[in-house]
Amino acid sequence: MKSSTIGLNRAQEKGGHRGLAKFWLLLLFSFIPFLLCPPGARGNWESLIDRLIGDGFNEQTIRGFFSRPEVNFDPAPMSSKLETLVKNHSPKASVDPGSNSRAVYRGPLTANNLARARSYLQEHREVLEKISSQYCVPKEIIVSILLVETRLGDYTGARSAFSSLASMATCTELKIIRPHLPKNLIHRNNEEFAKEVCRQKADWAYSELQALILYAHINNDDPLKFPGSIYGAIGLCQFIPTSALVYGVDADGDGRTDLFAKVDAFYSIANYLKEHGWGCQMDRASQHKVIHAYNHSHTYANTVLAVAEKLKAKPKKK
C-alpha cells in the first residue's frame, strides 16, 4: 500500500508540474499580443474619460463605453489626417486638381453605377420628388450624393465611428501619434505646424465624439454600434456627428433621426444643402459651391454634379 501510495503521489506530482507548466505557457501566450503592441495600441483613455466627465457626461455611462472590448485605439485616422495636412503644407504640394478643372472621380460615372443609380432613383421617385418640391434640391442630386458617399448605402464604413473619434481625440500632443507617422514626415521646418494641427484636430474629434454620444442618446441608440468613415462620418449620407445633430431630419416621424434609414437620410441631405445656401434657381457654379460645403473637395463637387447630369439625361438606347 505504501509503495503504491508513493507511486500515486509521484504521478500526481508529475501531473501537477505538467499542469503548472501548461498554465504558465498559456499565460505567456495570452500576454504576447500585449507585449508586442505599444501601450497606446491598447488605448489609454483616462484623460479622455476625465475630460468627458468634466464636461458633464455621466461617469458610469462613459466608463462603461470605454470598458467595452470593441473600443480600441486606432492610429490611422490621426496619422492619415496629419500626413495629408503636413504634405499639403509643403511649398511643393499640389492643389486639388478639381479646383481649376472639371476633374471627377471615375468610379461613380461607370455605366454599371449609373444604371444602379437610375434604378434607385426610380424606386424612390415618389419620396424624392416630394423632397425636391419642399427643399428645391433635385432628386438627382440626392441620389448622386448617396452614390458617391456610400454606393447607395452599400458601404457605410468599415471602422467604428466611436473608436476613430476617440482615438483622434486622445492625440492632443504630436508625440502620441508620431510613432505612427512616416519616418521622415516631421522635421524641424514643419514640426511646430504639425503640433498645432495635431491639437486642432484632436479638439475637433473631441467635439465630434461628444456629438456622437449625444446623437446616440437622443435617438436611444448605442454610440459604439455605428460603422463610419475613417474620420467618424456616419449613415447613408456620411454626416459627421455635429451635422447629424444639427441637420438630421426625422422624416418618417418615428421619434428617431436614423441616418442609416433611407427616408431620414434623403431628407437630411436636402436639409443640409438648403441650410448651406441651396435655392430653387441656381447656376452650376452656385450648386458647386454648396456641394463643396458638404465635402471640401472640388473633385467631389464636380463628380456629384456630373452624376446628377447623367441621371437627368435619358440613357442612350442600345
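Observations, loosely collected:
- Extension gain for the segment residue 296 to residue 196, taken as residue separation times 0.36 nm less the Cα-Cα distance, is 33.9 nm to one decimal.
- Extension gain, residue 123 to residue 76: 0.36 nm times the residue separation minus the Cα-Cα distance gives 13.2 nm.
- Long-range amide H partners of residue 159 with built H, under 5 Å: 228
- Nonlocal amide H pairs with residue 73, under 5 Å, H built at 1.01 Å: 43
- Förster radius 22 Å - calculated FRET efficiency between residue 87 and residue 155 (Cβ-Cβ, nearest 0.05): 0.25
- Hz values of 3J(HN,Hα) by residue in the stretch 249-260 - Karplus curve (6.51, -1.76, 1.60), Gly and Pro given as x: 10, 8, 6, 8, x, 8, x, 10, 9, 9, 6, 9
- Calculated FRET efficiency for the pair residue 217/residue 46, C-beta based, R₀ 25 Å, to 0.05: 0.65
- Length-normalised contact order of the stretch 244-318 in % [C-alpha pairs under 8 Å, at least 6 apart]: 18
- The charge dipole of the stretch 118-167, taken about its Cα centre with unit charges on the Cβ of Lys, Arg, Asp and Glu (plus for the first two, minus for the last two), comes to roughly 80 debye.
- For the stretch 41-312, with +1 on Lys and Arg beta carbons and -1 on Asp and Glu, the positive-most of 101, 251, 128 along the dipole: 101
- Cβ-derived FRET efficiency at R0 30 Å, residue 275 paired with residue 67, nearest 0.05: 0.20
- 20 Å Cα-Cα threshold exceeded, pairs from 139/310; 81/274; 201/262; 81/262; 139/312: 81/274; 201/262; 81/262
- Note on the stretch 241-275 and the stretch 203-220: Cα centroid distance 15 Å, given to the nearest whole angstrom.
- ³J(HN,Hα), Karplus 6.51/-1.76/1.60, whole Hz, each residue of the stretch 194-202, x for Gly, Pro: 4, 4, 5, 5, 4, 4, 4, 6, 5
Bear in mind that the values in this text are calculations on the coordinates, not laboratory data. Fair warning: this is a prediction, and the values are worked out from it, not measured in the lab. Every residue, glycine as well, gets a Cβ built from its backbone with ideal geometry; the counts of neighbours run over all protein chains shown.
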